[in-house]
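What follows is a set of notes on a single structure, which appears directly below.
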Amino acid sequence: MVSHPRTEQAVARSLAQTADPRYALRRALRAIGESLGWRLGAVWEPATDAPETLTCVETWHAADIDAHEFEAASRRMSLAAGEGLPGRVWQSEEPAWVSDVVADANFPRRAAARRAGLHAGFCFPIRSARGVLGVIEFFTGEPRELDAELLGTMAALGDQIGQAVERRGDAEVLRAGEARLRAMLDAALDCVVTMDSEGCVLAFIPAAERTFGYASGEAVGRDMAELIIPPELRERHRRGLARYLATESPVLLDRRLEITGMRADGKTFPVELTITRIDVPGPPTFTGYLRDITDRKAAEADLRASRARIVEAADEARRRLERDLHDGAQQRLVELALDLRMARTRLDEEPARARELLDAALGDLEEATRELRELARGIHPAALTDGGLRPALEALAARSSVPAQLVAVPDMRFAAQVEAAAYFSVAEGLTNAARHAAAANVEVEVVQVNGALHVEVRDDGRGGAEADAGSGLRGLADRVAALDGELVVVSPESGGTVVRVEIPCES
Amino acid sequence: MAVAVVIVDDNARFRVRARMCLEADGYAVVAEAADARSGLEAARRHRPDIVLLDIELPDMSGLELAELLTREPGAPAVVLTSTHDAADFGERVSRSGACGFVPKGALSGDAISALVP
C-alpha cells in the first residue's frame, strides 16, 4: 500500500495559492501529474452551450512526451454521459480505473492514445455541494492494474478541488458583481448613503461626497444625523428611526420626500429623499437616495414668480385701461353731452352762444376720437395684426419722440405672439430711450438668424438702465421668457443702452 | 332767491360745464372745490342748498364725504355724480345720505330738481 501525502500536499498548495478557479484547476492538474509521475492529465467540464455533454477544458502533459495529437483529439471531442472514460465517471459520479485504454472498447481516443504511448488511466469526479462540476483524467505510459488506494486518494482530492473551485467561483462572481455595483454607484448623480440601525453611516458614494462635502472616509462610521441633517431636524430623524425599529411601521420607507439637508459647512439645502430598507439578516440597514434639488426649487420659484408677474401685469394693464378710458375718452364724451344739451337750450334765444357750444362739442368729439385711437393702438397695434412687423415698426418709429432709424426689419410674417413680443420689445426700447435715457438717436434692428428673431434697440443716451429696474422691462422679460426667449439689457454707466431680445421662431 | 349750489369735482373742465349748465337753468353756483377737504370747507362756509358731489375725488371718496356733509346741522341736499353709472357703486349710493345720483352726461337743472326734496 502506497500513500500519497506528497500529491495531497501539492494539490492543497496549488489550491491555496490562487483565487482564480480556472488557474487553480490548472495548477492542481500539474501538481497531481508531477507528484505521481504520470504522463498526461485533462479536465472535462459540461460544455457551456451544451451542458448535457462534456468538453476538455484543460490539459497537462509531462515534458518528455509528444501529446499534441492526443490533446487535440481530446479538445475536439464532446462526450455524452457514459461515453468514454470521462463520460462514465460523470454519469456514475464515482472514480474509475482502466488498465489499458488502448484495449478498452469504450475509449473513443484509443488510436490517439496508442500513438502517444498512453495505456493505464484513471478518472475521478470534481464533486461539490452543487453536484459534479466536471471530471479529471490521468494516463501513464504502460498498462497498470487497479490501484484502489490511489483511486481512493484521488476521489478525496476530487472533493477537495470541487469545494475549493466552488468557493472560488462564488467569491469571484461576488467580487465581479461588487465591482460592477461600485462602478455604477461611483458614477451615480444621486447620493446613495447607507445607514445601520444605530443611525451610523455604512457607505457614502462619490455623489454624496460632492453634495455634502465629506470624504467617504470621514463619513463612514459617523452618526448620519450629525453629518447631513440640520440640528433642528435631528431629533425627528432619531425618533422616526426608533419608532421604525420598535414597530416596523414604515412611515417614511419607499416614499419620495422633500426635506432639508446640511452640507459640511453647515449650509442647508432642499433634498429629495427616498429611504429603502435593505433586506438582509440581522438588524435592519437602510439606504437613502438623496438628490440636491436646489436648482429645481430655484427654477420652480422663478417660474411661479414669473407666472405671478404675468398675471399681475395683465391685471395692471386692465386697471390702466379702465383709468385711461375713464380719464380720457369717457370724460370727453360727458363734456360733449353737456355741451350739446346746453347748445340745444340756447338754440332759439342765443344762437351765437349755441354755435360756440357746438364748436366746443366738435372739439370734444375730436379729442375723444384721438384718445380712443391711441388707446386701441396701445392695447394692440392694428398694423401689426394686418401687415406684420415692418408696417407696425415703421409706424412706431414715426411716432417715436426720439428720432428712430429702422436699420433692418424682416418683411416675412411670424407667429402672432412672436411678432407681438418683438414689437413690444422695440416699443419698450423706444420708451426707455425717450423717458429715461435722454437719448438723441435710436437704432432698431430686427433680423432672423438660425430659427430665432433677434431684436436690438440701441440708443445713445445716458446708460445705466437695468433689466429688472422698471416694470416695463421686467414685464417684457417675462413675455419673452414665456416664448423661451431671452432679454438682455446692456447699459454701461459710460452711456448708451442696448435692449437685446432673442425669440425662437419659425417664419 | 336762486337755489345755491356748491360743485365738488377734481375735473376743472367738468366744473366749467356744470356751472354753465346749472346757471342757465336758474341755479346759483356759489363755490367750486377740486377735492373733498376743500369741498367740506366750502359747504360749511357757504351753507348751500345743494352740493353736487363727484364720487371719485383724489383725497376721499365722494360717498364718504356725502355722509359727513349730511350729518352736519342744517345739512345741504347732496346729489352724487360720476362718469360711472350709479349701479357701479351698488347700495353705497343710497346708504351715503345723498338724496340721489345724476350721471355726469345727463346733468341738468331739471335732473337736479327732480332729486332734491
*Output the antiparallel fraction of DSSP beta bridges having both residues in region B:1-80, as a percent to the nearest 5.*
5 percent
*Using 0.36 nm per residue of separation minus the Cα-Cα distance, give me the extension gain between A:Ala12 and A:Ala415 in nm, one decimal.*
136.8 nm
*Write down the percent of antiparallel bridges among all DSSP beta bridges whose residues are both part of region A:188-292, to the nearest 5.*
95 percent
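To the nearest 0.05, what FRET efficiency results for B:Ser113 and B:Asp35 with a Förster distance of 30 Å applied to their C-beta separation? Could you put the intermediate results ahead of the total?
Details: r = 27 Å, r/R0 = 0.89.
E between B:Ser113 and B:Asp35, to the nearest 0.05, is 0.65.
Give me the percent of Cα-Cα pairs in region A:263-319 that sit more than 17 Å apart, rounded to a whole number.
Working: 1033 of 1596 pairs.
Cα-Cα pairs of region A:263-319 separated by over 17 Å account for 65 percent.
So what is the 222 nm mean residue ellipticity for chain B from helices alone, if each DSSP H run of at least 4 adds -39500 (n - 2.57) and you divide by all residues, rounding to the nearest 500 deg cm²/dmol?
Details: 5 runs with 45 residues, N = 117.
That comes out to -11000 deg cm²/dmol.
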*If you bin the C-alpha pair distances of the protein assembly as shown every 20 Å from 0, what whole percents do you get?*
14, 19, 21, 16, 13, 9, 7, 1
*Where the convex hull is taken over the Cα atoms of region A:5-174, what is its projected area averaged over directions, in nm²?*
9.1 nm²
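Using only atoms on other chains, find how many Cβ atoms lie within 10 Å of each Cβ of peptide A:331-339 and report the average.
If you average over the peptide's residues, the count of other-chain Cβ atoms is 6.
Could you work out how much longer the chain between A:Glu374 and A:Ser249 gets when fully extended? Use 0.36 nm per residue separation minus the Cα distance between them, nm to one decimal.
Details: separation 125, 0.36 × 125 = 45.00 nm, distance 6.90 nm.
Full-extension gain reported as 38.1 nm.
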*Using the Cα centre as the reference, give the magnitude of the dipole from point charges on the C-beta atoms of the protein assembly as shown (Lys, Arg: +1; Asp, Glu: -1; all else neutral), rounded to the nearest 20 debye.*
1140 debye
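May I ask for the net charge around A:Cys191, where only other residues with Cβ less than 13 Å from the Cβ of A:Cys191 are counted and Lys, Arg are +1 while Asp, Glu are -1? Don't skip to the answer; put the middle values down first.
Working: positive: A:Arg210, A:Arg263, A:Arg291; negative: A:Asp186, A:Asp190, A:Glu209, A:Glu272, A:Asp292.
Net local charge, A:Cys191 excluded: -2.
So for region A:188-292, averaging the separation of alpha carbon pairs under 8 Å that are six or more residues apart and normalising by length, what relative contact order in percent results?
Details: 194 pairs, mean separation 31.4, N = 105.
Averaging sequence separation for qualifying contacts and normalising by length gives 30 percent for region A:188-292.
Quick one: length gained pulling A:Glu312 to A:Glu226 fully straight, 0.36 nm per residue minus the C-alpha distance?
Numbers: separation 86, 0.36 × 86 = 30.96 nm, distance 4.42 nm.
Contour length minus the Cα-Cα distance gives 26.5 nm.
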_Using 10 Å bins from zero, what percent of all Cα-Cα pairs in region A:188-292 falls into each bin?_
16, 53, 29, 2
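For chain A, what relative contact order do you get, as a whole percent, if you take Cα pairs closer than 8 Å and at least 6 residues apart?
Values: 872 pairs, mean separation 35.1, N = 507.
In percent, rounded to a whole number, it is 7.
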*Averaged across the residues of B:4-15, what count of C-beta atoms belonging to other chains lies within 10 Å of each residue's C-beta?*
1
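With an 8 Å cut-off on Cα pairs and a minimum separation of 6 or more residues, tell me the relative contact order of region A:316-456 in percent. Spell out each step's value before the answer.
Working: 142 pairs, mean separation 25.7, N = 141.
In percent, rounded to a whole number, it is 18.
Give me the net charge of A:Val402's neighbourhood, meaning all other residues with Cβ under 10 Å from the Cβ of A:Val402; Lys, Arg count +1, Asp, Glu -1. Could the numbers behind the result be given before it?
Working: positive: A:Arg435; negative: A:Asp459, A:Asp460.
Once all neighbours under 10 Å are counted, the net charge is -1.
I'd like to compare A:227-240, A:346-359, B:101-114: which one has the highest average count of other Cβ atoms within 10 Å, and what's the full order after that? List each step's numbers first, then the result.
Working: A:227-240: 15.3, A:346-359: 13.8, B:101-114: 17.2.
Per-residue Cβ counts within 10 Å, averaged per peptide and sorted highest first, yield B:101-114, A:227-240, A:346-359.
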_Kyte-Doolittle at least 1.6, axis length at least 27 Å by Cα - qualifying DSSP helices, chain B_ = none
*20 Å cut-off, amide nitrogen to a point 7 angstrom out along B:Ser61 Cα→Cβ, residues in region B:73-90*: B:78-90
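Is there a simple number for the mean count of other chain Cβ atoms within 10 Å of the Cβ of residues in B:74-83, and what is it? Mind showing how you got there, number by number?
Values: counts 0, 0, 0, 0, 0, 0, 0, 1, 2, 7.
What the average comes to for B:74-83 is 1.
Sum up the charges of everything whose Cβ sits under 15 Å from the Cβ of B:Arg17, counting Lys and Arg as +1 and Asp and Glu as -1, but leave B:Arg17 out.
On the way: positive: A:Arg332, A:Arg341, A:Arg344, A:Arg346, A:Arg353, B:Arg13, B:Arg15, B:Arg19, B:Lys104; negative: A:Glu335, A:Asp339, A:Glu356, A:Asp359, A:Asp364, A:Glu367, B:Asp9, B:Asp10, B:Glu23, B:Asp25, B:Glu32, B:Asp54.
Combined, the nearby Lys, Arg, Asp and Glu give -3.
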*asked:* Under a crude label model (7 Å from the Cα following the beta-carbon direction), how far is A:Leu189 from A:Lys297 in nanometres?
replied: 1.9 nm
*For the protein assembly as shown, share of DSSP beta bridges that run antiparallel, in % to the nearest 5*: 75 percent
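All of the numbers you see were taken from the coordinates with simple rules; none came from a lab. Source: prediction; values computed, not measured. Cβ atoms come from the backbone with ideal geometry, glycine included; neighbour counts cover every protein chain shown.
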